[in-house]
Amino acid sequence: AQNAPGVEAFYCVVDLHALTLDIDPAALRRQTLEGVRVLLAAGLEPGRCTLFVQSHVAEHARLCWLLESTATMGELRRMTQFKDKSSRQAGNINMGLFDYPVLQAADILLPKASLVPVGVDQVQHVELTRDVARFFNNRFGETFPEPKPVLTATPKVMSLADPAKKMSKS
């Protein structure tokens, strides 16, 4: 997308999302830096796209707070990712895990994205983002576009460590 004419492409290393795991802070810093290196090695050119670390842009957390005022507990309870991950980390079902989709919505809405390239497993998150944007706009005035998912050629990126599982943020 960084080479598509007329498209402003954003790439974000989502270190705040990793806080839903029981992760050592030093390991998180190393993995975050490694994520940036991998994206640069894969060919991202900062002169042609925006590449950043999520926690370095305070507006992500701020917008998440504002969006939480419009997202409902019922909507978040229905998210399949929360159900799946909470069953796998029963000893660490934290509020961040529950609220993860709202932070993801902030990641999408902050740059006012209109198209979001995703695998089929992430369509539910873009649909929630559309709902949150609509609720926010109805309450506070027209602020965010309702982004549309664009399905990628690869429906799911599988884990390199265990190809039977979907790749995760860790």
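Quick note: the coordinates plus some simple rules give every number you see, no bench work behind them. The structure presented is a predicted model; accordingly, all values stated were derived computationally and were not measured. With ideal geometry, Cβ positions are generated from the backbone for all residues, glycine too; neighbour counts draw on all protein chains shown.
Structure summary
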quantity	calculated
Cα coordinate range in the stretch 54-129, projected on the principal axes (Å, largest first)	34, 26, 23
Pairs of lysines in the chain (C-alpha under 18 Å apart; 8 or more residues apart or interchain)	12
Amide H within-cut-off set for V53, under 5 Å, with H built and near neighbours excluded	V13
Read-out Rg and Dmax of the Cα atoms in Å, derived from the coordinates shown; its label in (i) 18.4, 61; (ii) 15.3, 43; (iii) 16.0, 47	(iii)
Filtered GluC sites (Glu not before Pro), the stretch 16-103: DSSP coil and at most 14 other beta carbons within 10 Å	none
